[in-house]
Amino acid sequence: MRRPAVVWRYGTVTALIDENPHARTIELDVPGWPGHTAGQHVDVRLTAEDGYQSQRSYSIGSPPEDPRVALTVERIDDGEVSPYLTGELRMGDELELRGPIGGHFTWRAQDGGPLLLVAGGSGLVPLMAMLRHRAARSSKADTRLLVSARSLEDLLYRSELEALAASDGLALHQTFSREAPKGWTGFARRIDADMLSSVGPGPASRPRIFVCGPTAFVERAAELLVQLGHDPSTIRTERFGPSG
Amino acid sequence: MARVTRGFHGRRPQVDPDRVPPGQYVTRDFPVLSAGPTPHTPLDKWTFAIRGAVEKPASWSWEEFVELPSEVFTVDIHCVTKWSKLDTSWTGVSLDTLLGQAEPTGKFVLAFCDGGYTTNLPLADLIGGQAWIAYEYDGQPLEPEHGGPARLLVPHLYFWKSAKWVRGIELRDHDEPGFWEGYGYHNYGDPWREQRYWSD
């Protein structure tokens, strides 16, 4: 199979959704988009009037089945690109992007399960593309999601996750590392070995594991998973450095 | 020429534009990018090997390796994920020192690493004072998450070519893509020509 060339295209903003106080989903209509696999990302390029440019990478949150490309961008206050995307960008604006990029941190329904998805903060975005793809294909693959958020307010895609929770074969777990909602009986701490064990599936079933989040979160989660006995080659990681 | 993005002005950090390749931004942090868990190979199990198309295959234990003549050098590094970091200081052994003993016959190199990572480069890019096996950053032992105990350092190419947790290089008669090169990243990866992806 020949890979499509990674060329710059212009997308048009068709929807803007504020997901939480510092993250926004940008839905784009991108003529000529070659399609993508859940887990991939794009490069976005902004150009000022005098030709000055700035580029960053963002994960795709929409599944391959969606005709539109949706990115969820977290605002980095002292950044250069994310404040524009989460603040200034309006409906109908044009945005230059290219992709899809990456082929390691990807999952297709035909790859099957079991699947263990571990997300820290906005690391949920590429994993959400996998969950949406799983739902679009009516996959029954044994799938566990553990998402760590600072608080309920910070949790991305909250109502959609609640709706997905009823799907066959899917178990969703949240942990709130800073502030749990009132009456919450689930996890309310940083991820640890006990939490990952109880989420499962265990190493014996050799799940495909995807871990995405800030560097410190990913380092910790991957290390704990190896200590629990998971084969390092089954653990795929994507780390978000500070990326303004 | 790209069209103007409405309402974008840019923050324009104060940096020397001649030191920042196209599409890159300068960071003071040292971000981490790896495809899997960080391996932790004990130093008494660590070796560095030169194998494949060479007259004299060679291998060094950790103790032998750090006894080799080393250099302290300061370079700018450029990651394909867009960050560049200027004036980074490293200690390592020049590939000239290592390859001089092995007498390569092949013209291509595949670097191999703990964790299964690989990357390919032309031999010409590893010689002539352009590449090192680095084991200290800023005078301190290289942290595992940044590739310690030792990583390849080829600062004139995008940083994925500077393989973390490197355990050796294999000389080859023919070029073959490494890990990211097989997933659509550029085969050569010159940041100044913005060779990020295969079609660039």
Of B:36, B:184, B:65, which is farthest towards the positive pole of chain B's charge dipole, taken about the Cα centre with +1 and -1 on the beta-carbons of Lys, Arg and Asp, Glu respectively? B:184
Taking only Cα atoms of the protein assembly as shown, what ratio of Rg to Rh do you get with Rh as the Kirkwood inverse-distance radius? 0.97
Rounded to the nearest whole number, the per residue volume of the convex hull around the C-alpha atoms of the range B:1-102 in Å³ is 203
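Compute, for chain B, the length of the dipole vector about the Cα centre, with Cβ point charges of +1 (Lys, Arg) and -1 (Asp, Glu) only. Units Debye, rounded to 20.
Computed charge dipole of chain B: roughly 1000 debye.
Which loop trypsin sites (Lys or Arg not before Pro) in the range A:147-244, with loop taken from DSSP, have no more than 11 other Cβ atoms within 10 angstrom of their Cβ?
In loop regions of the range A:147-244 (DSSP not H, G, I, E or B), the sparsely surrounded trypsin sites (Lys or Arg not before Pro) are A:182.
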Just to compare against my own numbers: the Cα pair-distance distribution for the range A:9-101, 10 Å bins, whole % per bin, please. 17, 55, 26, 2
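Test of understanding: express the Cα radius of gyration of the range A:166-244 as a ratio to 2.2 N^0.38 Å, with N the residue count.
1.19
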For the charge dipole of the protein assembly as shown, defined by +1 on Lys and Arg C-beta atoms and -1 on Asp and Glu C-beta atoms about the Cα centroid, which residue among B:165, B:52, A:86 has the Cα displaced farthest towards the positive pole? A:86
Which three numbers, in whole Å and largest first, are the semi-axes of the equivalent ellipsoid of the range B:97-146 derived from its Cα gyration tensor as √(5λ)? 23, 15, 9
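Wrap a convex hull around the Cα atoms of chain A, take a quarter of its surface area, and give that in square nanometres.
13.6
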How are the Cα pair distances of the range B:49-108 distributed, in percent, across 10 Å bins from 0? 19, 35, 32, 14
proj_area_mean for chain B (convex hull on C-alpha atoms), units nm², value 12.3
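FYI, it's all coordinate maths here, none of it is from the lab. Note that the structure is a prediction, hence the values are computed from the model and not measured. Positions of Cβ are generated from backbone atoms using ideal geometry, with glycine treated the same way; all protein chains shown enter the neighbour counts.
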